[in-house]
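The values are calculated or read from the model by the stated rules, or taken from the named source; none is laboratory data. Computed from a predicted structure; not experimentally measured. Backbone-built Cβ (ideal geometry, glycine too); neighbour counts: all protein chains shown. Just so you know, the surface numbers come from the protein's heavy atoms only, side chains and all, with ligands and any DNA or RNA stripped out. Shrake-Rupley method; radii C 1.70, N 1.55, O 1.52, S 1.80 Å.
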Amino acid sequence: MKLGSTYQAWRNLRAKPLQTALSLALLAFGVGMVSLMLLTEKQVNDAFERNIKDIDLVLGAKGSPLQLILANVYHIDAPTGNILLSEAQKVVRHPYIESGIPLAYGDNHEGYRIVGTEHSYAEHYGVEVAQGKLWEAPFEATVGSKVAQALELTLGDTFYSAHGLTDQTDIHKDKVFTVVGILEPSQSVVDQLILTPMQSIWDVHLKEGEVGDPSAREITAMLLKKRNPLAVLTIPNTLRESNMQVALPAIEVNRMTQQFGLGTAALRAIAMLIMALSFASIFISVLDNIRSRRHELALMRTMGGTPRTLYLLLLQEGGLLSLVGTGMGLLLSRMGLWTLSNLVEQQFHYELAEMALLPSEWMLAAAAIGVGLLASAVPARGSLRLDISQTLRES
Amino acid sequence: MNVVLVVRSYVQWHIPPAYLRNMVNIQGVKFQYGTNGAAMAFPDFQCEPGGRMLLLGSSGTGKTTLLHLLCGMLRPTSGEVHVAGKHVASASDRDLDVWRGQSLGIVFQQAHFVHSLTVEENLALPHQLTHGHVPTDLPGRMDSMLERLDIAHRSHAFPHELSVGEQQRASIARALLHRPQVVFADEPTSALDDANAHAVMDLLDREAADAALVVVTHDQRIRDRYPNCVTLHRPAP
């Protein structure tokens, strides 16, 4: 027969299901909210940083700089407009600029963007080819891992592009794309893109027999890598008269996360409040146990239990509550993240599915269990001063 | 001359003094609650191993106080209390806690239990608290004792699911299962009718056959049960 103190503590908690459930629910929600915020913050920041990867400036049509970044670096927002390839190339030739990667897009296949670019784009993100090869000729497509998986594309498959970035109504039925390669997963934005030569993008919008004017060719944006830090100050000046602008991904993302910051600070405060309530609830439940179970505790002293035995039993009840509550909280945050990830995936094709415990979560768990133990250790001291004779007389 | 010396040293070293020969031995015990409470003086008495003793007295005579003094839950203001080889007045609290669990069996007037544990877990609790584990032979002994007390079918029930009589028998089983040297019973029959009162006393006598049994009661129905009887009187105002 197993009758250790942990077992007794567990049975005592089970004997008061409502009180236990309340303490557990409060702690689980508090820990869950903080943990979910840590997880999303970490993963969103990671995703943002991974995709910025040495892109110092983004050149595109005038408009909101944040929109320019979101559209061309992360492929979340709609682009600000088009710019002339020839104009963009002039900027790339500026002595302060080391290199540029052109992006031209405006079509999609089943919600996944078809991006006309050069091989340097895939190389920039270090994406390897899993099957087939990189795109060469117009209407050859190399697809990102997530696209291949979601649309079940294999080498040799063909598809049409649809006008717009999500619409499936205006389909270019006369131009057929062929899958010539599938990329390895890279945890970068490339995973959710269909890459093709820029020529495909230009050609897809030409009527039968029409020949495009090379000098009028447009692109959506140019991702720039600077050679000289002064580029950040100089380049915007050179564009003042044009319809183009440059935006700095690092600064725009920073500005955006600062705006989110207010909201997350409020959420964090609420989560902390819930956690504080849960500790108060543990405190009260241990205090209440000492009062309502004092006969039991006195009885245990007459059967060989020492004050230390009783103290440790009460401490374990608080400890067990904190441990289970924290565990439930961490589980809850993962369920939340999974739900959130599905939503984000549907809308933006981004995934937030990194479920491993973060170092900051270990600290959160240790703090929650520590404070939970403290919240039971203080009232449990009452058991050390229990007057057995007096208590047993009361009945 | 040599023979006298040998006999004297044998007596000194091999025959223990009266307070160790007896399971319960109190001498000149006085007690007072706080500084303003009535001063209580208790008569001296002894109980041998396997002996039976009644402590009789109406309410207010300090029966429960004496019982708590004997169990080390209270300390006498003066006098000697020896129970099961322990000098209760001078032992440390921790010592007394362990000693109670090992050497004493206490049947309370009102049966107390740990409510979150089943009857059989409650019965095993003294072993767990004293030794840190439940001996492997305990479940067998427990089953046969519960069988004899006619509550074997209630072993998995929770204490609050038992009738008053069943609770009383379960608390007797708990007090005796670890084979204590001394059993104290506080008003074990006060809540029972005549037939059950005698049945419970028979049961205590039978199950605690090897232990010294001290019954504290005001119940006149059992006053003639044992020849050894100490009557307590109300302290002088």
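Data for the structure
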{"read-out": "1.4 Å probe, heavy atoms, protein only - residues of the stretch A:11-37 losing at least 30 Å² accessible area vs chain alone", "value": "A:11"}
{"read-out": "Ellipticity estimate at 222 nm from DSSP helix runs (n ≥ 4, -39,500 (n - 2.57)) divided over chain A, nearest 500", "value": "-18000 deg cm²/dmol"}
{"read-out": "Residues of type lysines that residue A:173 reaches as a straight line, Cα spacing below 17 Å, ignoring anything fewer than 8 places off in the same chain", "value": "A:207"}
{"read-out": "Angle in degrees between helix A:5-15 and the longest Cα principal axis of chain A, rounded to the nearest 10", "value": "80 degrees"}
{"read-out": "Per-bin percent of Cα-Cα distances, the stretch A:57-247 [5 Å]", "value": "1, 8, 17, 20, 20, 15, 10, 5, 2, 0"}
{"read-out": "Using alpha-carbon coordinates, inclination of helix B:194-207 to the longest axis of chain B, degrees", "value": "60 degrees"}
{"read-out": "Rounded to whole Hz, the Karplus (6.51, -1.76, 1.60) HN-Hα couplings of the stretch A:117-126, x for glycine and proline", "value": "7, 9, 4, 4, 5, 5, 5, 4, 8, x"}
{"read-out": "Choice from A:137, A:271, A:365 showing the highest fluctuation, given a GNM over chain A with Cα pairs closer than 10 Å", "value": "A:137"}
{"read-out": "Cα-based Kirkwood hydrodynamic radius, the stretch A:105-152, one decimal, Å", "value": "11.7 Å"}
{"read-out": "Of every Cα-Cα pair in the stretch B:58-109, the percent that sits beyond 13 Å", "value": "57 percent"}
{"read-out": "Per-residue average of Cβ from other chains inside 10 Å of B:58-69", "value": "1"}
{"read-out": "Surface accessible to a 1.4 Å probe, per residue, for the residues of the stretch B:2-231, Å²", "value": "45 Å²"}
{"read-out": "Selection from A:57, A:382, A:114, by position along the positive dipole direction of the protein assembly as shown (Cβ)", "value": "A:382"}
{"read-out": "Volume per residue of the C-alpha convex hull in chain A, rounded to whole Å³", "value": "176 Å³"}
{"read-out": "Reduced Cα scattering model of the stretch B:2-231, Debye log10 I(q)/I(0), q = 0.11, 0.17 Å⁻¹", "value": "-0.59, -1.27"}
{"read-out": "Of A:2/B:63; A:53/A:90; A:62/A:225; A:62/A:226, those spanning more than 29 Å from alpha-carbon to alpha-carbon", "value": "A:2/B:63"}
{"read-out": "Label-point separation, residue A:228 to residue B:110 (7 Å along Cα→Cβ), nm", "value": "9.3 nm"}
{"read-out": "At 0.692 mPa s and 37 °C, Stokes diffusion of the stretch A:164-203 via Kirkwood alpha-carbon radius, µm² per second", "value": "264 µm²/s"}
{"read-out": "Solvent-accessible area, 1.4 Å probe, carbon plus sulfur percent, for the stretch B:107-231", "value": "47 percent"}
{"read-out": "Reciprocal of mean inverse Cα separation for the stretch A:158-272 (Kirkwood radius, Å)", "value": "19.1 Å"}
{"read-out": "Peptides B:142-155, B:212-225 ordered by average Cβ neighbours within 10 Å, highest first", "value": "B:212-225, B:142-155"}
{"read-out": "Rounded to the nearest 10 Å², the accessible area of residue A:328 at probe 1.4 Å", "value": "80 Å²"}
{"read-out": "Alpha carbon convex hull of the stretch A:238-395, volume per residue in cubic angstrom", "value": "154 Å³"}
{"read-out": "Simple label model, 7 Å out from Cα along Cβ direction - residue A:211 to residue A:166, nm", "value": "4.0 nm"}
